[in-house]
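Here's the structure we're looking at; comments come further down.
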Amino acid sequence: MMLPQGWVEAEASEVGTWGSGGTPKSTEATYYNGNIPWIRSGDLPDQEITKYEIQITEAGLNACAAKWVPTNSVLVALYGATIGKIGITTYPVTTNQAVAFCTPCEAINPRYLAKYFLSIREKLISLAQGGAQPNISQIILKQQIVPLPPLAEQRRIVAKLDSLTARIARTRKKMEHVSNTVSDLKKKILLFAFSGKLSNSEYHHEKCSVEVKSVFQDDQERGQWSETSLPSSWKWVEFNQFFSDVTDSKKKLPANLYMDSGEFPVIDQGKSIIGGYTDRKDLIHTASDPVIIFGDHTRSVKLIHPPFVQGADGVKVLSPSENVCVDYAYYAMLAIEIPDKGYSRHMKFVRRAMWPLPPLPEQNNIVRKINHVFARANLIEKEAKRALSLLERLESALLAKAFRGELVPQDPDDEPASVLLDRVRAERAAAPKPKRGRRQSIQDMPLPRKRQTEKHG
């Protein structure tokens, strides 16, 4: 890449002092709940660090490889779920071993360096080494070539990026609000539908009988409905009057036998409609009409048309009764409130629930109305997601443009980066090697005011 006038390339190892941290022994209570900020990779917000969860004591600091990291240092998560995340220190901190830090030299603006690492995050992740838990490593970070403009231009680039990304963030928040609003709308439509308020019928509402209504009171062992008042032509029915459980326990395909492609889809309890594929004809479910798949552990609900093969774990196959429209039953499963018990089983809540059953023509009318509203809502949601995707691409494009020297104009009066970098190199070469001595004490560091943190352990 042709560099703009006044720019120079430098290895990341040249533009700062690098290091990483350590973790005090977790079973030693005296090492925790002190007043030394201890940053883990999950604390990195891709911007200035303003909060963290854990503080360690000076004894904890001295008992491990953690070390003080000065203000205006750039932190990078090396591995784990947050690999590649970035942070900038706004006060002295310490870190664990999953976080590398670079304290920049005077030739580079800390926020410029942080934004550069943000711009190459995907590249860094692709370079990570290791099987089960890929690790970027300090070596990889220090080998990266940083395009270095004059210091004054670095500040202009950072200011311009801050302005543009703030506008992107505001737009992103609006699009996320649209998605949340659509989700809330769907919930309200389902609430109206299964209390009889969505259909065109002129049925008046009246309370359920005391005997039926009593099954809803303070019972956490069954699925719940927000309202128990129904039109007079509706009735509450039990599970076995609404569904048949047609799960075939002898025909289930373990997840390790899924294929990326095949003749038949495998339906499991995961979020995706299709978990995988298989060519096993002997495992095809016997259902000839559409059925509902319920995730016993995940509470996922899917409307599935045969042929299909059941996944092995937690899959329940439900077929609606003769007087229940399958689409109506599907929406009822989406509408009912099933308590979240983690990875425990949830089918018992479905079995013990009461189900609102209108006449079949009204079920079809309700389904048509839900489909109509959901189709429009899905279109809005799709456009909002598309906008969010475009915003992500726009942010990446702006970062790339910035580090090609195309975001702000160059100023010929700026001191070239090469001059400043040569001066830094000369000063480093002339400086005596630091002597080994005591670690900086907590008394030497200007710490943030002690604040409430979570107890460790």
Among residues belonging to region 236-276 that are surrounded by fewer than 17 Cβ atoms within 10 Å (Cβ to Cβ) and of a type in the set (D, E, K, R), point out the one that is nearest to the chain's Cα centre (by Cα).
Lys271
Applying the selection to region 152-207, what residues are at pLDDT 90 or above and acidic (Asp, Glu)?
Glu153, Asp162, Glu176, Asp184
Being under 22 Å from Ser226 (Cα atoms), within 26 Å of the chain's Cα centre (by Cα) and touching a residue at least 60 places away in the same chain (Cβ under 8 Å), is that true of even one residue in region 338-360?
yes
Looking at (1) modelled with pLDDT of 95 or more; (2) in a helix (DSSP H, G or I), find the lone condition where Ala426 falls short.
(1)
Hey, among the residues in region 277-315 that are touching a Gly at 6+ places or on another chain (Cβ under 6 Å) and under 23 Å from Pro339 (Cα atoms), which one's surrounded by the most Cβ atoms within 10 Å (Cβ to Cβ)?
Gly295
If you check Gly84 against the conditions, is it closer than 30 Å to Leu421 by Cα, touching a helix residue (DSSP H, G or I) at 6+ places or on another chain (Cβ under 9 Å) and either outside any loop (DSSP other than H, G, I, E, B) or outside the structural domain of Ile125 (by TED's automatic domain parsing) (or both)?
no
Matching residues in region 115-134 - criterion: being over 20 Å from the mean Cα position of the chain (by Cα) and among the polar types (S, T, N, Q):
Gln129
Any residue in region 30-40 that is in a loop (DSSP other than H, G, I, E, B) and modelled with pLDDT of 95 or more?
yes
Can you give me the number of residues within region 71-88 that are among the hydrophobic types (A, V, I, L, M, F, W, C) and modelled with pLDDT under 95?
1
Taking the options Thr181, Thr171, name whichever one is farther than 23 Å from Gln5 by Cα, of a type in the set (Val, Ile, Thr) and free of Cβ contacts under 8 Å to residues at least 12 places away in the same chain.
Thr181
Go through (1) of a type in the set (A, V, I, L, M, F, W, C); (2) buried (at least 24 other Cβ atoms within 10 Å of the Cβ); (3) in a loop (DSSP other than H, G, I, E, B) for Cys102 and report which single condition fails.
(3)
Please count how many residues of region 339-363 are surrounded by 18 or more Cβ atoms within 10 Å (Cβ to Cβ) and either closer than 20 Å to Asp248 by Cα or not small (Gly, Ala, Ser) (or both).
11
Residue list for region 68-81, restricted to those being closer than 13 Å to Leu118 by Cβ and either small (Gly, Ala, Ser) or in a loop (DSSP other than H, G, I, E, B) (or both):
Ala77
Kindly evaluate Ala65 against the criterion of being more than 28 Å from Val158 (Cβ to Cβ) and part of a loop (DSSP other than H, G, I, E, B).
yes
Go through the residues of region 35-57 one by one and say whether even a single one is within 30 Å of Asp411 (Cα to Cα) and of a type in the set (D, E, K, R).
yes
Members of region 113-148 found to be in contact with a helix residue (DSSP H, G or I) (Cβ under 8 Å, 6 or more places away or on another chain) and without any contact (Cβ under 8 Å) to a residue 24 or more places away in the chain, listed by number
Leu127, Gln129, Ile140
So the check is Cβ under 6 Å with 6+ separation or different chains; which pairs have a first residue in region 71-90 that's on the phi > 0 side of the Ramachandran plot and a second one that's among the small types (Gly, Ala, Ser) and not in a loop (DSSP other than H, G, I, E, B)?
Gly80/Ser41
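The values are calculated or read from the model by the stated rules, or taken from the named source; none is laboratory data. Computed from a predicted model, the values in this text were never measured in an experiment. Cβ: placed from backbone, ideal geometry, glycine included. Neighbour counts: every protein chain shown.
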